[in-house]
Every structure is written in structure tokens, then in C-alpha cells.
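Contents: one structure, followed by commentary.
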Amino acid sequence: MISPQTQNPPTRNPSWTHSFDTPEERYLKSSLRPDFHWGFATAAAQVEGAAFTHGKGLSCWDTFCHIPGKIKDSSTNDDSCRSYDFYKQDVALMKSYGVTAYRFSLAWSRIIPLGGADDPVNEEGIKYYSDLIDELLANGITPFVTLFHWDIPQTLEDRYLGMLNQERYTPDFLRYARLCFSRFGDRIKHWITYNEPGVYTLAGYAAGVHAPGRSSFRDRNAEGDSSTEPFIVAHTELVTHGLAAKLYKQEFQPTQKGTIGITLHGNWSEPWDISDLLDVAAAERAREFEIGWFAEPLYGSGDYPASMRAQLGDRLPTFTEEEKRLVRGSSEFYGMNTYTSFFVRHRDSPPDINDHKGNIEVFDKNKSGVSRGEESDTQWLRTAPWGFRKLLRWIWNRYHIPIYMTENGTTAKGEKEPSDTILNDTHRVEFFRGYVGELAKAVKEDGVDIQSYFAWTFTDNWEWAAGYTDRFGVTYIDFDSPKKTRYPKRSAYFLQDFFSHLIAE
Ligand code: GBH
């Protein structure tokens, strides 16, 4: 069992010390800029709780998780970590971990309960975020804010199917964005419009396993079309990101002096058979479908990758010239979420109508039997830092734009049941040692401009369709306890020690 905590914030187990004295680690000392930001990232729907109180309106996840069969452990996010109630303790705990920054998202339906451009504002919701921001700043922690981390107001789904209706969605999103800039922008200098637009649309509209739960698969979802809707929603996200960024730059940036961008997901794809040109091409195609889908319009040619157009034809929307101008160059940095790497093999058969990956197959081992990495407690996720540096280089060489690492982390086997060794999370420590080390090498040796690292995540939380079964935190939560008691794991202090070694004075 875990021993009870008497201190607040809880104190570090004195036996948890880390030294960085291998030749490579000594060589990497002070390789990160003095103003490098490090900390943790979270999302409102995964941590806040207070889903139906304090004036909050419903989000698509509040409805989705109450539909039987949608969440693995039949849990809901009604109270989750209760960070709405305990934000002060959380800031104190983060401070004790030595972070310099914290990335969190705003729940749109807490701020505008019905979501729409003409709907009333919930001042209590504004006050919550305002207080959180003040608490962070008072503790020397720089807030990074995400406007949208997947929790669209349910009313907008009911009114017009949310992002499937670009025309009606646009003014609603822009009003929400403007309200946030005007109420928080005096103190927020780092804005992220969307978190992983690709995952929102693929999980919600292609696989149908996330809210709003649409797909072509009638055993799973009553409505939807996996062959078209994901691309329509992605288009809406790109264009409205561009509009919100333009709004910020024109009306707020001159006085508020902040920066605005977007966060994309992306895992490294490595050819299954490096000597097979078809696999080499398939890996590049996989990267274009996963990452280039958003990155090319934003940072590259201004249009979708040619490989996507070739496979998808008219099912991929077309940018008007005006939309292209809006989107291209709109993001001032590359927000990167990455968790793992895969081996990718070409397929000989033509692509399925519901394929979104570039007609490839994904493997855990390459042709020679080399594994992509050690298993976590999550099927898709393995420790594969070898691909992380390749990914950083690939992005940097193509786009030459500053990179903000906005998420990276892992679950670990054996964390489902509490035990007296559970807090000594060696697997997670080794994951971070690998990934943060590769990041430092990319900065020092490849000259990649990386300005932040946010580990996913601060505490165990509600992992969407996986419920409470997947624990990504550097802090253990006893979800059965009324106060959702927090217990630091060793990895929290490992990150603190590693970053004090890596960040220059
Ligand atoms: C991030 O998404 C989210 O931003 C964050 O909210 C979440 O808690 C965190 O990761 C951990 O999951 O087709 O079976 O190979 C990561 C999203 C999840 C996208 C896994 C790709 C592949 C599933 N990724 N998914 S599979």
C-alpha cells in the first residue's frame, strides 16, 4: 500500500536521487537555453472534474462518457482529479517539482456554457481560470494555454454538428477565442489554438471511439462517414486556427506581446525494411498523412500533401486562395506532441476507402526483428526515443520553425493496483531519460531550436476512452479517495534533476 501523506505538498523520498555523470550526460550539461520552459501538460476534460457544477455547460465528452460502452472501465470524468477544487495544492506540488511552466486547456463550455457567439458568458468559469493563472504566476510558473483540447460544447454538436459545419462553427469559435484573449491575454503569453487536430478528427470521426462518436461503422456509431468527415473536420480546424491566429495578431499581440500557434501529434514512422524502396516511400507517406496533413498547409506549401491528394482525391477538401493565405504562416511555432515510433511497411493492395494512414501496415518489429521499444501499459505506446530525434530533425529540416514540445510521456506496467513500490516508477524514469536526452542532443548537435518540454502528465488522470485504467502521471492519484489524494512518483523528481542539469544558468 502507499503510505499516507502528511505534508502538503508531499515531500520527496530521500533515497530518490539522480546523477548525470555518464560521458554523454556530462557532455549534455547546460545544452538547453536559460529561458527553456519545462513542466507538465494537462487537459480540462481529463483533470478538472466539476463537470456539471459552477455554471459549466456540457461538453461532447460529458455526454459521450455517459453512454454505456464508450469508456473502457465505464467511468466518467464527472469529478476526475478534482483539479477545479484543488488547483492551489496542484500549483504548490508543481512548484515543489521545480517546473518553470504549466500547459493546461480551457473548457469552452465552462466559459460559454452553450458555446455560441451570442450565448451568455459564465463569469464563474472565467474567474476559475483567472485565479489559476494568478496562482501560477505568483509561484513563478509560466502558463501556456490551449483553447481547444477536444471538449466542444455539446450544444454546438446539437445545433449544427460542430466542426462538420465550418460556416456555422467559425463565428462561435472566434467569439470564444476573442473572449479568452481579452480576459486572460494580459497574463497569457503563450497560446495554443488546437491540441492535436488530427487525433480529434481521426478518433472522433474515423474510428468513432472518441466524442462525438461518428464513423462508418454501424456496430459502433449510428451516424458518420469515416471516408469523408475526418477530412472536413480537419479543414475546419486548420482554417479556424488561421482565423483565430489572425485575430490575435491584429487585435491583441501589439499590446499583449504573446505568441500563438498550434500543437500537432506525430510519431516517427521508420521503414520496416530499410532496403526496400517501397517501404522507404511508405514511411514518408505515413509521415505525410499523419503530420504533413496539417504541417504542410501551416508551415510548408500551403496545401495538403500531394500523396494525400493522390490517394483521397475529392474526399480531401480544397483550400480557397484566401484560406491558404490565412493558414500558411499562421502558427508562430511548431507545437509537438509525440509518444512513440513505429515500423511501417507498404501494402501491395489498393487503399481501403476508410484508410487514413497512407495505405501502410504498422509493426512492432522491423524486418530484422529489432523491436521498436519496451512495452508500456498502453498497447500503442512503447519507449522509442531513437525515433524522436529523427522526428525532430525531419520537422526542423522541412520547416525551420521553433519547436515547443507540448506533450511526451508514458504509462507503466504494474500501476493499476497500488503497491509499496509503485511510486518508484523506473520505467517512466527511463522513458524520460531517453526522450529528454535525445531532445538535448537534437539541440546541441543538430541545432534544432527547441524552447519547451511539457511531460504528459502531472497526475494520473482520466484518459478519455481508456478511463482511469491508463496512468500517465508523474503523480499517483488514489481515485477512490474523496480528495483524490496525490502521491509523487520518482519520475517527477527525475525530471527536475535532469532539467537542472540540462538547462544553462
Ligand atoms: C495525447 O494524444 C492527448 O493530447 C492527451 O490528451 C492524451 O491523454 C495523451 O496523448 C495520452 O494518450 O490506433 O491504437 O495505434 C495522443 C493521441 C493516442 C493518437 C493513440 C494515436 C493511436 C492509437 N494518440 N493513438 S492506435
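For the reader, a short list of remarks on this structure follows.
- Residue in region 245-261 that is at pLDDT 95 or above and within 16 Å of the ligand (Cβ to nearest atom) present: yes
- Subset of region 244-273 that is assigned to a helix (DSSP H, G or I) and open to solvent by less than 10 Å² (accessible area, probe 1.4 Å) - its residue that is farthest from His346 (Cα to Cα): Tyr248
- Listed conditions (1) within 15 Å of the ligand (Cβ to nearest atom); (2) open to solvent by less than 30 Å² (accessible area, probe 1.4 Å); (3) within 21 Å of the chain's Cα centre (by Cα) are all met by Tyr468, apart from (2).
- Which listed residue is out of contact with any helix residue (DSSP H, G or I) (no Cβ under 8 Å at 6 or more places or on another chain), of a type in the set (Val, Ile, Thr) and on the phi < 0 side of the Ramachandran plot, from Thr421, Thr475: Thr421
- Of the helices (runs of 4 or more DSSP H) lying entirely inside region 23-97, those containing at least 1 residues that are at pLDDT 95 or above, under 25 Å from Leu136 (Cβ atoms) and within 16 Å of the ligand (Cβ to nearest atom) are 44-47, 60-64.
- The set of residues from region 228-237 being open to solvent by 10 Å² or more (accessible area, probe 1.4 Å) and either without any contact (Cβ under 8 Å) to a residue 40 or more places away in the chain or of a type in the set (Ser, Thr, Tyr) (or both) comprises just one member, Thr228.
- Hits in region 212-224 (condition: open to solvent by 10 Å² or more (accessible area, probe 1.4 Å), more than 19 Å from the chain's Cα centre (by Cα) and touching a residue at least 12 places away in the same chain (Cβ under 8 Å)): Gly213, Arg214, Ser216, Arg220, Gly224
- Count - residues of region 146-173 that are within 16 Å of the ligand (Cβ to nearest atom) and either within 16 Å of Leu243 (Cβ to Cβ) or in contact with a His (Cβ under 9 Å, 6 or more places away or on another chain) (or both): 3
- When the test is whether a residue is out of contact with any helix residue (DSSP H, G or I) (no Cβ under 7 Å at 6 or more places or on another chain), of a type in the set (Lys, Arg), under 20 Å from Leu58 (Cβ atoms) and not in a loop (DSSP other than H, G, I, E, B), Arg168 does not pass it.
- Residues of region 420-456 that turn out to be within 21 Å of Thr17 (Cα to Cα), touching a residue at least 60 places away in the same chain (Cβ under 8 Å) and part of a loop (DSSP other than H, G, I, E, B), as a count: 5
The values are calculated or read from the model by the stated rules, or taken from the named source; none is laboratory data. Everything quoted here is computed from the prediction, not taken from an experiment. Here Cβ is always computed from backbone atoms with ideal geometry, including for glycine, and neighbour counts include all displayed protein chains. In case anyone asks, the SASA skips ligands and DNA or RNA and just uses the protein heavy atoms, side chains included. Shrake-Rupley method; radii C 1.70, N 1.55, O 1.52, S 1.80 Å.
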